[in-house]
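A short write-up of the structure that comes next.
The values are calculated or read from the model by the stated rules, or taken from the named source; none is laboratory data. Just so we're clear, the structure is a prediction, and the values are computed from it rather than from any experiment. Here the Cβ positions follow ideal geometry from the backbone for every residue, glycine too, while neighbour counts run over all protein chains shown.
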Amino acid sequence: METPFPYARFVTGKHFVGRRNDVTLLGNLLSQGEHVVLSAPPKAGKTSLVQQTLLTMRMNGRPFTVGQFSALNIRSVGEFLLRLGSTLISMVAFTPEEYAAMVRKYLSDTHFIFDPSAFAEKGQLLSLNWDWDAGDVQAILRLPFALSADRPERLFLIIDEFQCLSLLDDPDALFRPLDASLRADHPERRFSYIFCGSGVNAMKAIFENSFLFHRQVNKVNLSAVDELEMADHIHRGFLSSGKVVDKDLLLGACRLFKGNIWYINHFAAICDSMTRGYIMEPMLVDSLNTLVSIHEPRFLAIMNDLTNFQVQLLRATIDGVTRFSAADVIRRYGLHSSANVKRVKDALMKKEVLTFDANDTPIIQDALFEYWVKKYYFEKKD
């Protein structure tokens with residue numbers, strides 16, 4: 001049964017709220033053959049934005065073929081090469097005979113093969129008959145551009161959780177040739193990568209803080225969803241199931257979740273399941289407490305993983321401090337020294353608890369975690 005508040009999957013169409021300009025921007029970039037980086041905290045709406053953009057492009061009659069895989073569980077360059085090559089070939093071929101023909105045509109001078117036995121037993125489309133070498137890396141990274149040059153439609157490849165590739169033993173063994181492949185002359189510009197990542201700081205380190213990928217990728221930021229538009233969306237969802245709620249109360253909830261549509265839909269779904277008629281404020285409070293209890297084990301794990309210095313800097317963030325290296329701040333929060341402050345900031349960024357904007361203002365990435373840590377951990381009063 002369809003729910004008016006989907007939160008267990010990405011959303012498109014009537015469930016997609018706001019971010020129309022983001023859809024237009026992403027669609028234009030893909031139509032021009034540009035590569036895109038999309039980073040935001042988990043469940044912030046990255047996949048929904050990509051899928052809504054692709055849906056809009058299809059409705060506008062723009063032909064393309066799309067492939068997708070996740071780098072979440074990839075821990076070696078060889079695994080990445082096999083995953084990338086297999087996904088690309090599966091985008092344009094559909095039978096074992098076609099797979100074998102594609103490998104012969106595009107990867108004949110490499111250690112990659114199509115093994116019928118591995119395909120029959122494991123569904124493994126691409127295999128290695130020897131250890132991979134630099135030539136194999138270059139061949140696989142050239143593959144998407146070679147395939148797109150021989151196709152009438154554009155090719156798009158979505159790589160989810162791309163930041164996990166920075167955990168490889170030698171990330172540069174992949175990132176440097178990937179950068180070189182993007183810089184190579186591709187006059188057709190018919191293929192685009194969509195690099196998605198939920199590690200905001202890790203993605204920034206790859207695409208902004210290094211010397212790689214400069215001017216080769218376009219960063220698309222998720223726009224904030226207007227609180228009024230989001231409240232209207234939730235209000236319509238309740239009306240569709242015969243329930244009524246004060247819009248001002250919904251607006252307060254949207255403000256608390258800072259536009260995170262996943263949290264808001266989950267919160268609304270809990271409200272929807274707990275009442276049959278008019279939704280009063282106590283019911284909203286009970287629903288919020290239920291949502292917090294679901295996520296509390298994760299929040300406890302985050303806090304238990306922090307050192308005392310990191311907890312104190314997080315406390316300072318909650319208190320609205322932005323200049324952590326000021327002498328009075330160091331003294332008040334026991335941060336020891338400005339050099340230690342830098343180490344603590346770096347650690348909290350590596351753990352993806354905090355990120356910092358262009359003005360070096362700290363931002364707690366998870367809105368519900370911010371609410372929980374403020375109310376339940378530091379026991380601050382509103």
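Computed values, structure above
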{"quantity": "Helices (runs of 4 or more DSSP H) completely within the range 189-286 that count 3 or more residues being outside the structural domain of V37 (by TED's automatic domain parsing) and either touching a Cys at 6+ places or on another chain (Cβ under 6 Å) or over 30 Å from L147 (Cα atoms) (or both)", "calculated": "227-240, 247-256, 261-274"}
{"quantity": "Among the candidates L38, L49, L26, residue that is closer than 25 Å to N201 by Cβ, in contact (Cβ under 8 Å) with a residue 40 or more places away in the chain and in contact with a Cys (Cβ under 6 Å, 6 or more places away or on another chain)", "calculated": "L38"}
{"quantity": "R298 being among the basic types (K, R), within 26 Å of the chain's Cα centre (by Cα) and assigned to a helix (DSSP H, G or I)", "calculated": "yes"}
{"quantity": "Breaking point among (1) closer than 28 Å to Q32 by Cα; (2) touching a helix residue (DSSP H, G or I) at 6+ places or on another chain (Cβ under 9 Å); (3) modelled with pLDDT of 90 or more, for E208", "calculated": "(2)"}
{"quantity": "Filter result (under 18 Å from K219 (Cα atoms) and assigned to a strand (DSSP E or B)) within the range 153-168", "calculated": "F156, L157, I158, I159, D160"}
{"quantity": "Test: residue in the range 156-178 that is of a type in the set (G, A, S) and in contact with a strand residue (DSSP E or B) (Cβ under 6 Å, 6 or more places away or on another chain)", "calculated": "no"}
{"quantity": "Restricting the range 47-94 to residues that are of a type in the set (S, T, N, Q) and surrounded by fewer than 17 Cβ atoms within 10 Å (Cβ to Cβ), the residue that is farthest from Q138 (Cα to Cα)", "calculated": "N60"}
{"quantity": "The range 2-17, subset over 15 Å from V225 (Cβ atoms) and touching an Asp or Glu at 6+ places or on another chain (Cβ under 9 Å), residue surrounded by the fewest Cβ atoms within 10 Å (Cβ to Cβ)", "calculated": "T3"}
{"quantity": "The range 315-330, subset part of a helix (DSSP H, G or I) and out of contact with any Pro (no Cβ under 9 Å at 6 or more places or on another chain), residue farthest from A205 (Cα to Cα)", "calculated": "D328"}
{"quantity": "Members of the range 331-351 found to be assigned to a helix (DSSP H, G or I), without any contact (Cβ under 8 Å) to a residue 60 or more places away in the chain and within 18 Å of L306 (Cβ to Cβ), listed by number", "calculated": "Y333, N340, V341, K342, R343, V344, K345, D346, A347, L348"}
{"quantity": "Total residues in the range 336-381, condition aliphatic (A, V, I, L, M) and either buried (at least 19 other Cβ atoms within 10 Å of the Cβ) or more than 25 Å from V200 (Cα to Cα) (or both)", "calculated": "9"}
{"quantity": "Test: residue in the range 18-25 that is surrounded by 15 or more Cβ atoms within 10 Å (Cβ to Cβ), under 25 Å from L178 (Cα atoms) and either over 22 Å from the mean Cα position of the chain (by Cα) or not β-branched (V, I, T) (or both)", "calculated": "yes"}
{"quantity": "Meets criteria (touching a strand residue (DSSP E or B) at 6+ places or on another chain (Cβ under 6 Å), at negative phi and not aromatic (F, W, Y)) for V66", "calculated": "yes"}
{"quantity": "Flag for F207 being within 23 Å of the chain's Cα centre (by Cα), of a type in the set (F, W, Y) and under 30 Å from A180 (Cα atoms)", "calculated": "yes"}
{"quantity": "Selection from the range 215-230 of residues that are over 27 Å from H15 (Cβ atoms), surrounded by 12 or more Cβ atoms within 10 Å (Cβ to Cβ) and not hydrophobic (A, V, I, L, M, F, W, C)", "calculated": "Q216"}
{"quantity": "Failed item, numbered, when I261 is tested on (1) at pLDDT below 85; (2) within 23 Å of the chain's Cα centre (by Cα)", "calculated": "(1)"}
